[in-house]
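Asker: Structure incoming, see below.
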Amino acid sequence: MKMVCLGVNYKTAPVEIRERFAVASHKLQSVGQQICSLEAVSQCVLLSTCNRMEIYFWSSCPDSASEQIMELFLDKFEDKCHLQNYFNHYCGKEALVHLCRVLSGLDSMVLGETEIFGQVKTAYQNALDAGVTSTEANKTFQKAFTIGKRVRSGSQIHEGATSVGSVAVELAEQIFGNLSGSRVLILGAGEMSHITGRALQARGAQGIYVANRSYDRAIELAECLGGQAIRYDGWVEYLKDIDVVVAATAAPHYIITKETLTPLREKRRYRSLFLIDISVPRNIDPQVKEIDEVYVYDIDTLTQLADEAKRHREQEVVRCEAIIQENIARYFTDSSLYES
């Protein structure tokens, strides 16, 4: 019996490829059961987030199992020969180390991010509920969770925001004190909107609205964030009740100006408004910062702050890798299961 990991992630596949393999949360158990019903697959855990879709599985015939899983996922696509090139394949200890790195935030788009730990726990719970795990999978994930916690408690890999979106969210917290229950408007539905939206959601933002010229894309992002899609030509009327605006459209001009915001001050009862401009060209006229209670940060300022935090985190990676290797040797004494 060998442990194997097969899947796509943000390193190997752009978002337009990843979204083709994404598994909706309400389908995770049924798809997991499909995978486990394959002749060569004994146990499995299916992980599907916006940045990765990975199947961790156990098999006494790992090559055959991998082929069967690839056929299950690729068979419906006409360009399956092309798509299979986007898949990663880890076997034995390499798969185990990969799982521990994912749990520790070392394999994340935002180095050290903490959200992935909870996402993996949810994936494992879904697998348990679907009845597709057994002794090997259960022991592996339970011990891997312990290692992930040890990495986070024994390092500073998670300290300081390292993405533009996360930095912006930390700055917003400094202004509002607490983002729990805050209302957010996201203009644009690309990767940066997604990253920033997820960071805001993780900090407690509840009323999230997404506007995009392509309404279908707005719906996709809104569903991912647990928010609501609105028509692009009607987003201005929402500003009177919004606390944070994320501007990340491809518009070649300013879409938020002093003329946009000044008439809203009285309707907003002079509440603070935090504007995150992560567009190039910029979407927000810098002059809006002249309005009282309005705070705006553009891509250059946010990138500089994120780079400083990222350099600090990168120094922690070596320490984290050492913790993973040390604890794998401690917790996984049955080496045959994890031989490559």
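Asker: Scan segment 182-214 for residues that are farther than 19 Å from Thr114 by Cβ, open to solvent by 50 Å² or more (accessible area, probe 1.4 Å) and either of a type in the set (Val, Ile, Thr) or modelled with pLDDT under 90 (or both) and jot them down.
Answerer: Glu191, Met192, Gln206
Asker: Name the single residue that is most open to solvent (accessible area, probe 1.4 Å) among those in segment 221-257 being closer than 20 Å to Cys50 by Cβ, assigned to a helix (DSSP H, G or I) and without any contact (Cβ under 8 Å) to a residue 40 or more places away in the chain.
Answerer: Per the stated criteria, the residue is Glu223.
Asker: Related question: Where residues in segment 140-159 are modelled with pLDDT of 95 or more and of a type outside the set (Val, Ile, Thr), which of them is surrounded by the fewest Cβ atoms within 10 Å (Cβ to Cβ)?
Answerer: Gln142
Asker: Now for a different question. Looking at Ala218, is it without any contact (Cβ under 8 Å) to a residue 60 or more places away in the chain and in a loop (DSSP other than H, G, I, E, B)?
Answerer: Numbers: without any contact (Cβ under 8 Å) to a residue 60 or more places away in the chain: yes; in a loop (DSSP other than H, G, I, E, B): no.
Criteria not met by Ala218.
Asker: Return the residue satisfying two criteria in turn: it lies in segment 14-58 and is aliphatic (A, V, I, L, M), touching a strand residue (DSSP E or B) at 6+ places or on another chain (Cβ under 9 Å) and under 14 Å from Leu83 (Cα atoms), and of such residues it is surrounded by the fewest Cβ atoms within 10 Å (Cβ to Cβ).
Answerer: Checked segment 14-58; the qualifying residue surrounded by the fewest Cβ atoms within 10 Å (Cβ to Cβ) is Ile17.
Asker: Residue by residue through segment 118-139, note down the ones that are under 17 Å from Arg152 (Cα atoms) and surrounded by fewer than 20 Cβ atoms within 10 Å (Cβ to Cβ). Reasoning before the result, please.
Answerer: Going through segment 118-139, the residues under 17 Å from Arg152 (Cα atoms) turn out to be 118-121.
Scanning segment 118-139 gives Gly118, Gln119, Lys121.
Asker: Would you call Asp300 assigned to a helix (DSSP H, G or I), among the acidic types (Asp, Glu) and under 20 Å from the mean Cα position of the chain (by Cα)? Break it down into steps so the answer makes sense when it comes.
Answerer: On the way: assigned to a helix (DSSP H, G or I): yes; among the acidic types (Asp, Glu): yes; under 20 Å from the mean Cα position of the chain (by Cα): no.
Spelling it out, it is not the case that Asp300 is assigned to a helix (DSSP H, G or I), among the acidic types (Asp, Glu) and under 20 Å from the mean Cα position of the chain (by Cα).
Asker: Would you point out which residue out of Glu71, Glu67, Glu19 is farther than 19 Å from Ala137 by Cβ, under 15 Å from the mean Cα position of the chain (by Cα) and either assigned to a helix (DSSP H, G or I) or hydroxyl-bearing (Ser, Thr, Tyr) (or both)? First the steps, then the outcome.
Answerer: Working: Glu71 fails: under 15 Å from the mean Cα position of the chain (by Cα); Glu67 fails: under 15 Å from the mean Cα position of the chain (by Cα).
Matching residue, one of Glu71, Glu67, Glu19: Glu19.
Asker: Quickly run through segment 61-84 and pick out the residues that are out of contact with any helix residue (DSSP H, G or I) (no Cβ under 8 Å at 6 or more places or on another chain) and either modelled with pLDDT under 95 or open to solvent by less than 40 Å² (accessible area, probe 1.4 Å) (or both).
Answerer: First, the residues of segment 61-84 that are out of contact with any helix residue (DSSP H, G or I) (no Cβ under 8 Å at 6 or more places or on another chain): 61-68, 71, 75-76, 78-79, 81-82.
Across segment 61-84, the qualifying residues are Pro62, Ala65, Ser66, Asp75, Lys76, Glu78, Asp79, Cys81, His82.
Asker: Would you be able to tell me the number of residues in segment 82-137 that are closer than 29 Å to Glu316 by Cβ and either in a loop (DSSP other than H, G, I, E, B) or hydrophobic (A, V, I, L, M, F, W, C) (or both)?
Answerer: Counting residues in segment 82-137 that are closer than 29 Å to Glu316 by Cβ and either in a loop (DSSP other than H, G, I, E, B) or hydrophobic (A, V, I, L, M, F, W, C) (or both) gives 23.
The values are calculated or read from the model by the stated rules, or taken from the named source; none is laboratory data. A quick note: this is a predicted structure, and the numbers were derived from the prediction, not measured. Here the Cβ is made from the backbone with ideal geometry for all residues, glycine too, and neighbour counts use every protein chain on show. Surface accessibility is based on the protein's heavy atoms, side chains included, excluding ligands, DNA and RNA. Shrake-Rupley method; radii C 1.70, N 1.55, O 1.52, S 1.80 Å.
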